[in-house]
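One structure is given here, and the rest of the page talks about it.
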Amino acid sequence: MATQTTAPISPKPSSMELTAINTIRTLSMDGVQAANSGHPGTPMALAPVAYCLWQQFLRFDPQDPVWPNRDRFVLSNGHASMLLYSLLHLTEVRAVSKDYETLGEVSVPLDAIKAFRQLNSRCPGHPEYRWTSGVETTTGPLGQGVATSVGMAIARQWLGSRYNRPGFQDLFDFNVFALCGDGCMMEGISSEAGSLAGHLGLSNLCWIYDNNHITIEGNTSLAFTDDVATRFIAYGWNVTRVGDANDLDMLARAFRVFLATKDRPTMIIVDSHIGYGAPHKQDTSAAHGEPLGEEEVRLAKRNYGWPEDNKFYVPDGVYDHFRQGIGKRGKQLRDAWFERIVEYRKQYPELAEELFRMQHRQLPEGWDRDLPEFPADPKGLASRESSAKVLNAVAKNIPWLIGGSADLTPSTKTRLTAEGAGDFSAENYGGRNLHFGVREHVMGAILNGMSLVKLRPFGSGFFIFVDYMRGSLRLSALMEIPVIYVFTHDSIGVGEDGPTHQPIEQLAHMRAMPGLIMIRPADANEVTEAWKVILKLHHEPAVLVLTRQALPTIDRKRYSPASGLARGAYVLADPPEGAPEVILIGTGSEVSLCLEAYEKLTKEGVRARVVSMPSWELFDDQDENYRESVLPSQVKARVSVEQASGFGWSKYTGSEGHNVCIETFGASAPLKQLLKKFGFNAENVVASAKSQIARHQSRN
Ligand SMILES: Cc1ncc(C[n+]2csc(CCOP(=O)(O)OP(=O)(O)O)c2C)c(N)n1
Ligand SMILES: [Mg+2]
């Protein structure tokens, strides 16, 4: 039985401040109660923290929630979503269209709060970017929000470095605030993020840690006794404490300390009481993730001096109070910024044009003018090598295409070499080559943060380690943002490194993820075409899967042009005469093997077709006629060839087709031996093709 530990309401706030804070609390409680599910306790506890930040400090214009130089607020403890929805509602944040136009209507009307967690409500269980204007990033998987905030802070430093000019020193000077809890602090990604943010000295970054000692299973003493302050001091952060979440003066002081700190990120550790004011549930895990219950809601409201039976009650003057605070300040700042931009455009027309395009996710004129074409070459080059050439050809023309690797740039070949590209560091925020260190998980989240600020970020690594960053990558897809992932060492082609480094099920993983475009090009010219597709994406993250080993550059005079890549799959070779008896479908490094088998089959008079299928997703997007023209339904003899798990291939080969694939964890040996062991040679593909033809003939 919980003890009655209700702390007294702090006498410090003015009555209007307290009314506003309690409105946030009670809206949150009522929303959760109406849904009969959700997390009431943390919004109740953190209402004063969020109130103080938004009302006094946040440079955010509710009427234009996409103004580029706005401060970013990230709710990393996304389960406390009602806190954010209450703020968005009370500050009357406007809805924004997909084309970034502000609409007249509010983003979160009271009815949406009443429909918290119901189908199509603007208030889903956890905050979702692209669904609710004013939500800066999707949060819910703990740790992702704080990690993403680092990307936003990096993006702002980069923007400042490139676009702040004499007379416009503060064109980009926004701050990034992230509110987080014990869960975020426990997740490993927050350590990766804190470590890198400290290293980079991101003084525009402020995390507010809700130190309430409660998680789902009970008190944090069950599993978490870190000295968080010391941990972050060790990361190079400025750490400050507020002993009472209700103490607006101390909170304001802490935010001022943050603003005055110019050489490192700041963490404000705030002690709070989850379920603040609920007589039986305060300070218990019961307040974390279940509705308080009608009676407890009533008692908590009584504690706040609130009308007990009023639901979704916004007292007179509350909206106006926010209008006079964050509303007025935000609008002034926003209007002044846009006035400056008019001047900026006069003095720096080219930079202003860049900004406009970037902020609308457009590409510069002529971005693709230097794309390389590769001559046929039986020896060829690794797709990581051709990709390096293409990447640098486009990066030259797209200044805000920036990225890096988790300590593998020499292997992934993603270094930008254009003049002045440089390295991003605490001493040079204008660098375009980022060093994420050996931190894949946070690399993904940082890319998300940079993309949310509208840079065009890419990150690279070994394909196998996509497993370490899947959580972040999933959020790129869920948020529908065009982050670019470049993964090399894509198969047993890595050879001697063995099973720990040989991707098997990773292609299937990526293909199962909605909203993601994966491309595994067959040769250098497909690499060029792949980048063309990727850079034009607006709403999908892309995964480019590349080889370590050399791939022949296919003779495009003899076989079809690589431009077919844009349709996901295309006929690369057909029988000299007549309809095909068998279709060989390959991706990436296996396409040239299919061609080799095709030549042998053709010599023997077998009518084979080769389909290069670099992207399932792009192919599935084509109309039925096209798909039928590539994979005619009457040709049932089909062989897929891919150095990975066969999972999913029956979608194209049919349940009676054959998949040359790998269903174990690979092996450590020179590639030649591996190809033999796993049957990736022309003889095996030819034999598979013939047995397919025989099998399906015997059925007719
Ligand atoms: C990666 C991840 N793991 C698990 C969860 C499920 N979960 C949601 S909230 C929570 C406990 C969070 O505790 P804390 O951050 O202290 O939040 P508080 O209850 O104090 O608001 C857990 C385990 C999650 N959302 N994300
Ligand atoms: Mg907690």
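The values are calculated or read from the model by the stated rules, or taken from the named source; none is laboratory data. All values reported here derive from a predicted model rather than from experimental measurement. Quick reminder, even Gly has a Cβ in these numbers, built from the backbone with ideal geometry, and neighbours come from all protein chains shown.
Numbers at a glance
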| quantity | calculated |
| --- | --- |
| Unique match (being under 23 Å from residue 252 (Cα atoms), more than 16 Å from ligand 2 (Cβ to nearest atom) and either in contact (Cβ under 8 Å) with a residue 24 or more places away in the chain or surrounded by fewer than 19 Cβ atoms within 10 Å (Cβ to Cβ) (or both)) among 59, 130 | 59 |
| Leading residue by the ranking (farthest from residue 89 (Cα to Cα)) among those in the range 276-298 that are more than 16 Å from ligand 1 (Cβ to nearest atom) and crowded, with 20+ Cβ neighbours inside 10 Å | 280 |
| Tally, over the range 253-312, of residues that are among the charged types (D, E, K, R) and under 35 Å from the mean Cα position of the chain (by Cα) | 8 |
| Candidate set: the range 650-663, residues that are in contact (Cβ under 8 Å) with a residue 24 or more places away in the chain and surrounded by 16 or more Cβ atoms within 10 Å (Cβ to Cβ); chosen: the one nearest to residue 699 (Cα to Cα) | 657 |
| Matching residues, the range 2-34, being of a type in the set (Lys, Arg), surrounded by 15 or more Cβ atoms within 10 Å (Cβ to Cβ) and at pLDDT below 95 | none |
| Some residue of the range 72-92 being more than 26 Å from residue 41 (Cα to Cα) and modelled with pLDDT of 95 or more | no |
| Residues of the range 495-520 satisfying the condition of being touching a residue at least 60 places away in the same chain (Cβ under 8 Å) and in a helix (DSSP H, G or I) | 495, 496, 497, 499, 506, 507, 508, 511, 512 |
| Selection count where residues are in a helix (DSSP H, G or I) and more than 16 Å from ligand 2 (Cβ to nearest atom), scope the range 83-122 | 12 |
| Every pair of residues 6+ apart whose Cβ atoms lie under 6 Å, when the first sits in the range 614-642 and is surrounded by fewer than 20 Cβ atoms within 10 Å (Cβ to Cβ) while the second is basic (Lys, Arg) | 622/567 |
| Every pair of residues 6+ apart whose Cβ atoms lie under 6 Å, when the first sits in the range 200-214 and is in a strand (DSSP E or B) while the second is near ligand 2 (Cβ under 6 Å from one of its atoms) and small (Gly, Ala, Ser) | 210/181 |
| The lone exception for residue 645 - which of (1) crowded, with 23+ Cβ neighbours inside 10 Å; (2) hydroxyl-bearing (Ser, Thr, Tyr); (3) not in a helix (DSSP H, G or I) it fails | (1) |
| Sole exception among (1) away from ligand 1 (no atom under 12 Å from the Cβ); (2) under 21 Å from residue 137 (Cβ atoms); (3) part of a helix (DSSP H, G or I) for residue 43, by number | (1) |
| Flag for residue 524 being touching a residue at least 60 places away in the same chain (Cβ under 8 Å), buried (at least 24 other Cβ atoms within 10 Å of the Cβ) and touching a Leu at 6+ places or on another chain (Cβ under 9 Å) | yes |
| Within the range 633-648, tally of residues that are out of contact with any Lys or Arg (no Cβ under 8 Å at 6 or more places or on another chain), among the small types (Gly, Ala, Ser) and within 25 Å of residue 699 (Cβ to Cβ) | 3 |
| Lone unmet requirement of (1) in contact with a Pro (Cβ under 9 Å, 6 or more places away or on another chain); (2) surrounded by 14 or more Cβ atoms within 10 Å (Cβ to Cβ) for residue 378 | (2) |
| Counted residues, the range 256-275 - those being within 13 Å of ligand 2 (Cβ to nearest atom) and in a loop (DSSP other than H, G, I, E, B) | 4 |
| Number of the condition not met by residue 241 [criteria: (1) assigned to a strand (DSSP E or B); (2) crowded, with 20+ Cβ neighbours inside 10 Å; (3) away from ligand 1 (no atom under 14 Å from the Cβ)] | (2) |
